[in-house]
Structure formats: C-alpha cells, structure tokens
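Engineer: Starting off with a structure, shown below.
The values are calculated or read from the model by the stated rules, or taken from the named source; none is laboratory data. Because the structure is a prediction, the values reported are computed rather than measured. Cβ placement follows ideal geometry from the backbone for every residue including glycine, while neighbour counts extend to all protein chains displayed.
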Amino acid sequence: MPSSLGLAVALLVSFVSAVSSCTQQEKGYLLQFHAAMASPRLAELVSSRSIAVLDVSFNRLTGALRELPPSPAPGRPLQVLDISSNLFAGDFPSWKAMENMIALNASNNSFAGPIPTHFCDSSPSLAVLDLSRNKFSGGIPQALGDCSMLRVLNAGYNNLRGTLPDELFNATSLEHLSFRDNELHGVLDEAHVINLRNLVTLNLGRNNFSGRIPDSIGELKRMEAAYFDQNIMSGELPAALSNCTYLVTVDLKINVFSGELSKFNFSNLPNLKTFDLMDNNFTGTIPESIYSCSNLTALRLSANNLHGQLLPRISDLKHLTFLSLSVNSFKNITNALHILKNCRQLTILLIGKNFRGELMPEYERFDGFENLQVLDIGACQLLGKIPLWISKLAKLEMSRLSNNQLSGSIPDWIKALKYLFYLDISNNSLTGEIPTALMDMPMLKSEKTEAHLDPRVFKLPVYIGISRQYCKPIALPKVLDLGNNKFTGEIPVEIGRLKSLLSLNLSSNDLTGQIPQSICNLTRLLVLDLSNNNLTGAIPSALNSLHSLSAFNVSSNDLEGPIPSGG
C-alpha cells in the first residue's frame, strides 16, 4: 500500500500544481472538463468500477451528497476524491465500502452537522482528509485517532467546539494538523503532544486554547511551522522550542504570553524565517541571539513591553524584509534608523509608538532603505519637521507620520515620491497652506495606476487595529489624511486632480473659503471629512455625483444653504 499511497497523494498534489500554473484559458478548459465529468450524479461517479482519481473541484455543484448504494466485493477503486470549492451543503454522508480511499478533499463547501466518524473504519488507508472551510459543528470525533495512516488532517475554519480528544493523539503518522479558526478550548497536554513526533505543521490558531505551550513540544523534531496565534495562551516561551531546529514559522501573536524574551535562545533555529509575537506581554530587550537567525525575513515584536535600544547586529539579518517593533518602549530613534538603514532588503518598517518625545532625526547625507515601501513612525510624539531624508525613499508607497508633534509646512518635494499612495500626517502641528505639490502626486492622480507593493510586504498581515488587517496590496486604499493640524487658507482647487483617492481627511484645521466644486471630480471617494474648519458658502450640489461616498462629514463649519439630497 505505501506505493499506492504515494501515487495517490502525488496525483493530488501534481493536479493542484498543474492547475495553478495554467493560463486563464487553459483553466477554463479544465473547468469545463470537470463540469462535464460531474454532470452525472456524483454518487454514480464515486461508485464507478474504473475511476481511481476524481476531481470536480472549483465548480458550482450544489445540493446534498447522497449515500452510496451497496458495493459488491472487492469494493470501489476510488483513491483520490476532490470535491472542494463547490456549493455542496447538508450533512456529509457516511460513505461505506471506500476501503481504497487515500485522499479526500471536501474543503470550501457548506457541509454542516458533525464531522462523520466513519472515515477510518471505511477507509483504513486514508492519508489526506481536508474538511476545512465548511460549517461543521460539534466536537472532534475520537475515531479520528484510529486513522493510523493519516498524514494530513485539516478541519480549520468551521464551527467546531470542545477540546482536542485524547484519542486524536493516537494518530501518530500525522504530519500536518490544523483546526484553525474554530471554537475549541482546553490545555495542550504534555504527555499527548509528544505522541505526534512526525508533525511538520501544527495550526491551532484562532481558537480559545489556554495554558502554556508544553515543554514536550521540543520532541517534535520535524516541526517546521507552529501556529498558536489568537488564543488565550500564557506562560513563557518554552526553552524546549529551540530543539525544533527545522522551524521556519512561529506565530504566537495575540495571546497573553509573558516573561523576559531575552532568556530564549534563538541560536538553534537557523531555518527560522517568520517569527510573530505581536500583542503579548513579553518584557526585556530584543534577544541578541535572534540575530543569528540568518534566514529571518519577517520579525514582528509589536505591542509588547520591550525596551532598550536596537543593536547594530540586527543588520546581520540580510534577508529581513518585514520588521514591526511598534507599541513598545524603545529609545533613541536616531540610533535605530541609523542601524536599520543597513538592513538593505527591508520593504516594510513599523516602529511607531516608541521613542516618546524625541526629535525626528535629520540626515545631511542619506544612504539606505533602498527597498523600503512602507514606513510607520506614528504616535511617537516626535518633535521637529517632516525630514528631508524621506524624499530619498524612492520606492516609498505608504507613509504614516501621524500623532506626533511635527511642525512646519508640507515640503514641495513630496510630489517626487512617485509611488506614494497612502500618506497620513494627521494629528501634528503642521502649518501653512495645503501645497499644490500634493495635487501632483502621481499615484493619487491616476485612476489606472494601482499599487505595486512587493508581495514580501505581506509576509505578515498589516494591522490597522486588531479587527482590521490587510493581507494583499490591492486591498489597501489610496489615502490622504491631513486632519487635526493647523493648516490655513483655502482648499486648493487642484484637489480635483486626485481622482484615485478613496479617503480624504482635511478635518480639524483652520481652512477657510468655500468647498471647491472640483472636489466633485473625486468620483471614487468613500470617505470625505472636512469637519471642524471655517468653511463658508453652500455645500456643492454636485456632490450628489459621488455615488461611492459612504462617510461624509462637514460639521462644525460656517456652511449655509440647502443640504444636497440624492446621489
């Protein structure tokens, strides 16, 4: 059976790989082929005496699955069944006499009710079982522990409740185990975890697990990815985790882990690429041993209780593209930027809510951050002006300098940042008139130009508050936020050039004059906030043409006349 198992799993993997490499036209032919193949009742195809691999995925097949008719010996030959990404609903049937089944993918449908208990009884050679992204409820069946050949078990993104049954840990062949995004709870048992020595991926994120990470996790020597994020787990980072020398990804964000982070020894994790501890209670300084993780590409330590200064050794992380240290108590921003600009591969740098009350550094000469696309130095209460060195960040696309104490005017060089599409300088003490240079920013003028953020930027999601995260560049809005400053004068007529803007905030300034008619050219606007100024005259009736507008605020001005209706 091992050779048959390898063949069936290889067929499933190779088919998925083949589809992903197809052109759109080729995918169309494949989908037509699968739709044609699935046009008879699925139960008849599953019961066929000649089909070993059946793939009807990525169609719009609907309805409930029927029970199978009795099968004469020696049973059905089907080994691989992929019905994923359809519209199937109802309870999953208790298909019997499927003794040759090796891989079953029923993910991304609307199956409901409890997870069936029959899988291992009817298919003793089952190696791959994917039930993720459905509506399964109830507990995890104890019978899954009888699947002695099971290597992949994915039941993430369902409505499962209860604890992990002790019997599950008898499935000692498991290599990939995921119950992500359910409503499971309980504590990971020290003695049971050790049974899963073959685990490569363990994903228990987005549940309600509590307690500590057991020390026995260090016995999972093959583990490459561990996800415990978004639970209520606590305790220190177990020293035994460093025994998992093949670890590539560790995600512990949004828990209540604590302890001094510098106690953990990262020196034994040469393969580590992604390490995420966001929103916990770790204390101390950044461990110097982490700089020995030479393959690290994404490091997030934000929203903890870390302090101190950055050490020059962080530039040893030659592959680092994503770094978030926001919401801690780090000091000396001048030193930090001087060191970090030597991390030549950085594309995203989030260091806001640190360096409280320090001076925004200026550099007479500037060399570094050649690949930087996202820069957040917000909420630091920094003094000074918008620094000239930002103008040298030729690839910059998103900049957040909000919630500081920056003064002076917006420099004209801002229009030279030809890729900048997100600028937030709100909640400062900036003065002067709104410069027309802002109206010449290429990315905000062209409706046809989309953001070109490097995919590496999203090695980890970018969070704007815990409830909102951006995982893809296309999801990020084009934003100009100048709110809560001391700008004076009129809103420039040239504002109408910024036709690709989705959000414009000029609120809480000292702007005067009328709302320019040209603002009605911003037909893509979702948010327009002009409140708390000294604007006069009427609200332009042409604002009715802004059909996408979902938030509109002109309160606390000196406007008069009729309120536009419609649109």
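Engineer: Could you tell me which residue of the range 170-184 is surrounded by the fewest Cβ atoms within 10 Å (Cβ to Cβ), considering only residues that are in a loop (DSSP other than H, G, I, E, B) and not β-branched (V, I, T)?
Structural biologist: Going residue by residue through the range 170-184, those that are in a loop (DSSP other than H, G, I, E, B) are 171-175, 179-182.
Going one step further and asking which of them are not β-branched (V, I, T), we end up with 171, 173-175, 179-182.
Working: A171: 21, S173: 13, L174: 24, E175: 18, F179: 24, R180: 19, D181: 19, N182: 23.
Here the residue is S173.
Engineer: Within the range 185-201, identify whether any single residue is more than 18 Å from M233 (Cβ to Cβ), part of a loop (DSSP other than H, G, I, E, B) and assigned by TED's automatic domain parsing to the domain that holds S122, and answer yes or no.
Structural biologist: no
Engineer: Scan the strands (runs of 3 or more DSSP E) fully inside the range 45-92 and keep the ones with 3 or more residues being surrounded by 16 or more Cβ atoms within 10 Å (Cβ to Cβ) and in the same structural domain as A106 (by TED's automatic domain parsing). Write out each step before concluding.
Structural biologist: Values: elements: 53-55, 80-82, 87-91.
The qualifying strands (runs of 3 or more DSSP E) are 53-55, 80-82.
Engineer: On the basis of being crowded, with 18+ Cβ neighbours inside 10 Å and more than 19 Å from S446 (Cα to Cα), does I519 make the cut?
Structural biologist: Numbers: crowded, with 18+ Cβ neighbours inside 10 Å: yes; more than 19 Å from S446 (Cα to Cα): no.
For I519, the condition - crowded, with 18+ Cβ neighbours inside 10 Å and more than 19 Å from S446 (Cα to Cα) - is not met.
Engineer: Select from the range 421-433 the residues that are at pLDDT below 95 and either in a loop (DSSP other than H, G, I, E, B) or touching a Phe, Trp or Tyr at 6+ places or on another chain (Cβ under 9 Å) (or both) and list them in ascending order.
Structural biologist: Of everything in the range 421-433, just one residue is at pLDDT below 95 and either in a loop (DSSP other than H, G, I, E, B) or touching a Phe, Trp or Tyr at 6+ places or on another chain (Cβ under 9 Å) (or both), namely F421.
Engineer: Let me ask another. So how many residues does the range 396-420 have that are surrounded by fewer than 18 Cβ atoms within 10 Å (Cβ to Cβ) and not in a helix (DSSP H, G or I)? Break it down stepwise before answering.
Structural biologist: To start, the set of residues in the range 396-420 that are surrounded by fewer than 18 Cβ atoms within 10 Å (Cβ to Cβ) comprises 405, 407-409, 411-413, 416, 418.
Among the residues that remain, those that are also not in a helix (DSSP H, G or I) are: 405, 407-409, 411, 418.
Number satisfying all stated conditions: 6.
Engineer: Here is a further query. Tell me which residues, restricted to the range 296-354, are among the charged types (D, E, K, R) and either on the phi > 0 side of the Ramachandran plot or part of a strand (DSSP E or B) (or both).
Structural biologist: Hits for the range 296-354 are R300, K353.
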